[in-house]
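The values are calculated or read from the model by the stated rules, or taken from the named source; none is laboratory data. From a predicted model like this one, the values you see are computed outputs, not experimental measurements. For neighbour counting, all protein chains shown are included, and Cβ atoms are generated from backbone atoms with ideal geometry for every residue, glycine included.
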Amino acid sequence: MRIVNPADGSLVAALDEDSPQEIAGKYARARAAQPAWAARPIEHRLAAIRRFKALVKERAAELAGTLTREMGKPIAQSRAELSALDERLEFFLEHTGRALAPEDVLDRKGMLERITHEPLGVIANVSAWNYPYFVGANVFVPALLAGNAVLYKPSELASQTGLAIGEMMRDAGVPEDVFSVVTGAGAAGAALVAQPVDGVFFTGSYATGVRIAAACAARMVKLQLELGGKDPVYVCEDANPKTAAGSLADGAMYNAGQSCCAVERIYVHASLHDRFVEEFARTVRGYRIGDPMDEATYLGPLARAAQLEVLERQVADALAKGGRVLTGGKRIARPGNWFEPTVLANADHLMALMREESFGPVIGIQKVAGDDEAIALMNDTEYGLTAGVYTPDERRARAILARVRSGSAYWNCCDRVSPRLPWSGIGHSGVGLTLSTYGIQAFARPRGWHLKSQSR
């Protein structure tokens, strides 16, 4: 398996893919090792993750360089991901013990009713490349803390990062058979999902999520799918156009727009539209494009070459239907997977740009007459991950967001994830959730106990 630098097409590494037989062997060893890991006191598991957290911090410079070389994220953004991971890990360390503690819900007349939270068993975690530390840790850290064994398959576009995570887990004291890294592309993922695991946790595209759901349907195992989004934002007429434009441009273009919660479509009240669009385009034109290893670079290449064609088709379709390019609109003529940050005005829902996931530095802006039209358009999607409103009026924002279908709601902010809040989606954005104490409990099976003391 060739790991290619998306910034210039150079070969970064060549790795052996795990065969189906090797993956079956890793599963068998994980199954054998899991009971002993679950039997350890939770303090031992917490201590291992605490050491993992320290190792990430210690090796951050090296890890950031690896991530940038293999998936193209600007080095400052790679370091930011690793730095912010510290808070996320601290959340799990602080809250897992309480989230998984036994709960006595009735103690009356000799009858005790108790809920315990027991590990699922062996977890298959097929993870994503765009934020491998964030997305992966949302699953494998609470899964390990809950007493599960984890078979972790990083994306082929972040394989070296995945192997580095596995190495740090071993150095932190997590047995290799309890946290095993599966290396490979789609075939390896399919072979992993085919193992008789107790839970499948996937982050990626809706199309792949459907295939995984079909593969698991007859097995009655825990299935969680964190999929895509077509995340809308509405800018009301009383918003500050410069402030909103600066926030939303970053929400649309950060990490080259390669995020499930990146801003993907914007609706602006007609009375503010022209001023907002002018500020938005000016902000995007100011973003520095360049070598992702350069500290000053804001926008790097796309991780996947195939996505360039998706963006080209969306831009061409929008132009054919009356859209107007304010900046960008095409590939950048240099080796690697480069696309200009692109802003299109005069957008509408006849365009693929406003309906299909872009997952790149391309955004459409549509003028609306008022709140009702904005809400109708925001809900005109098969996805339901995030939605936002910009207005100084909190009551109005709450009323609008209450009518929009999404797993997360933003007022005067966007493209934000908190470990304290559940991360979930509606429709094609997936099923299940990560993060928050609910996300910790997703990796355990609640068991009800009816305990009656013997009558004397």
| message | Could you list, ordered by first residue, the pairs with Cβ atoms under 8 Å in which the first is in the stretch 187-207 and in contact (Cβ under 8 Å) with a residue 12 or more places away in the chain and not assigned by TED's automatic domain parsing to the domain that holds G147 and the second is in a loop (DSSP other than H, G, I, E, B) and among the hydrophobic types (A, V, I, L, M, F, W, C), at least 6 apart or interchain? | response | none
| note | Per the filter on the stretch 410-435, residues under 23 Å from L223 (Cβ atoms) and either of a type in the set (D, E) or part of a loop (DSSP other than H, G, I, E, B) (or both) are V417, P419, L421, P422, G425, I426, G432, L435
| said: Quick check on R170: is it in a helix (DSSP H, G or I) and among the basic types (K, R)? | reply: yes
| task | Considering only the stretch 414-434, state which residues are within 17 Å of S259 (Cβ to Cβ), of a type in the set (A, V, I, L, M, F, W, C) and in contact with a Ser or Thr (Cβ under 7 Å, 6 or more places away or on another chain). | result | C414, L421, W423
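Given Y267, Y254, which one is hydroxyl-bearing (S, T, Y) and closer than 15 Å to L353 by Cβ? Talk me through it step by step, then tell me what you get.
Working: Y254 fails: closer than 15 Å to L353 by Cβ.
None of the other options fit; the residue is Y267.
Residue-wise test of (1) assigned by TED's automatic domain parsing to the domain that holds A143; (2) in contact with a helix residue (DSSP H, G or I) (Cβ under 9 Å, 6 or more places away or on another chain); (3) crowded, with 16+ Cβ neighbours inside 10 Å.
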site: S19; (1), (2), (3): yes, yes, no
site: P35; (1), (2), (3): yes, no, no
site: I42; (1), (2), (3): yes, yes, no
site: I49; (1), (2), (3): yes, yes, yes
site: A60; (1), (2), (3): yes, yes, yes
site: M71; (1), (2), (3): yes, yes, yes
site: R79; (1), (2), (3): yes, yes, yes
| For the stretch 173-205, which residues satisfy the criterion of being touching a strand residue (DSSP E or B) at 6+ places or on another chain (Cβ under 8 Å), of a type in the set (A, V, I, L, M, F, W, C) and part of a helix (DSSP H, G or I)? | A188, L192, V193
| request: For the stretch 311-344, enumerate the residues that are under 27 Å from the mean Cα position of the chain (by Cα), part of a helix (DSSP H, G or I), surrounded by fewer than 18 Cβ atoms within 10 Å (Cβ to Cβ) and not acidic (D, E). | output: R313
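What number of residues within the stretch 242-297 are of a type in the set (D, E) and either surrounded by 21 or more Cβ atoms within 10 Å (Cβ to Cβ) or part of a helix (DSSP H, G or I) (or both)?
First, pick out the residues of the stretch 242-297 that are of a type in the set (D, E): 250, 264, 274, 278-279, 291, 294-295.
Next, from what is left, pick out any that are either surrounded by 21 or more Cβ atoms within 10 Å (Cβ to Cβ) or part of a helix (DSSP H, G or I) (or both): 250, 264, 274, 278-279.
Within the stretch 242-297, residues that are of a type in the set (D, E) and either surrounded by 21 or more Cβ atoms within 10 Å (Cβ to Cβ) or part of a helix (DSSP H, G or I) (or both) number 5.
Might you check whether a residue that is hydrophobic (A, V, I, L, M, F, W, C) and either under 18 Å from the mean Cα position of the chain (by Cα) or over 25 Å from S436 (Cα atoms) (or both) occurs anywhere in the stretch 397-413? Can you show your working first?
Of all residues in the stretch 397-413, those hydrophobic (A, V, I, L, M, F, W, C) come to 397, 399-402, 404, 409, 411, 413.
Next, from what is left, pick out any that are either under 18 Å from the mean Cα position of the chain (by Cα) or over 25 Å from S436 (Cα atoms) (or both): 409, 413.
Yes, because at least one residue in the stretch 397-413 is hydrophobic (A, V, I, L, M, F, W, C) and either under 18 Å from the mean Cα position of the chain (by Cα) or over 25 Å from S436 (Cα atoms) (or both).
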| query | On the given criteria, is D107 modelled with pLDDT of 95 or more and not in a helix (DSSP H, G or I)? | reply | yes
| Between residues in the stretch 257-284 that are closer than 30 Å to E226 by Cα and in contact (Cβ under 8 Å) with a residue 40 or more places away in the chain and residues that are basic (K, R) and buried (at least 20 other Cβ atoms within 10 Å of the Cβ), which pairs lie under 7 Å by C-beta distance while being six or more apart or on different chains? | E264/K230; R265/K230
| Residues located in the stretch 145-167, provided they are touching a Leu at 6+ places or on another chain (Cβ under 7 Å), within 19 Å of K53 (Cα to Cα) and assigned to a helix (DSSP H, G or I) | L145, T161, A164
| L401 being buried (at least 19 other Cβ atoms within 10 Å of the Cβ) and assigned by TED's automatic domain parsing to the domain that holds G360 | yes
| request: Output the number of residues of the stretch 232-284 satisfying the condition of being of a type in the set (S, T, N, Q), within 24 Å of L350 (Cα to Cα) and within 24 Å of the chain's Cα centre (by Cα). | output: 2
| task | Look at the stretch 292-336 and say how many of its residues are among the polar types (S, T, N, Q) and closer than 18 Å to P74 by Cβ. | result | 2
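Yes or no: A347 under 24 Å from A7 (Cα atoms) and outside any helix (DSSP H, G or I)?
Considered against the rule, which asks whether it is under 24 Å from A7 (Cα atoms) and outside any helix (DSSP H, G or I), A347 comes out as no.
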| task | Please state which one of E373, E340 is in contact with a Lys or Arg (Cβ under 9 Å, 6 or more places away or on another chain) and acidic (D, E). | result | E340
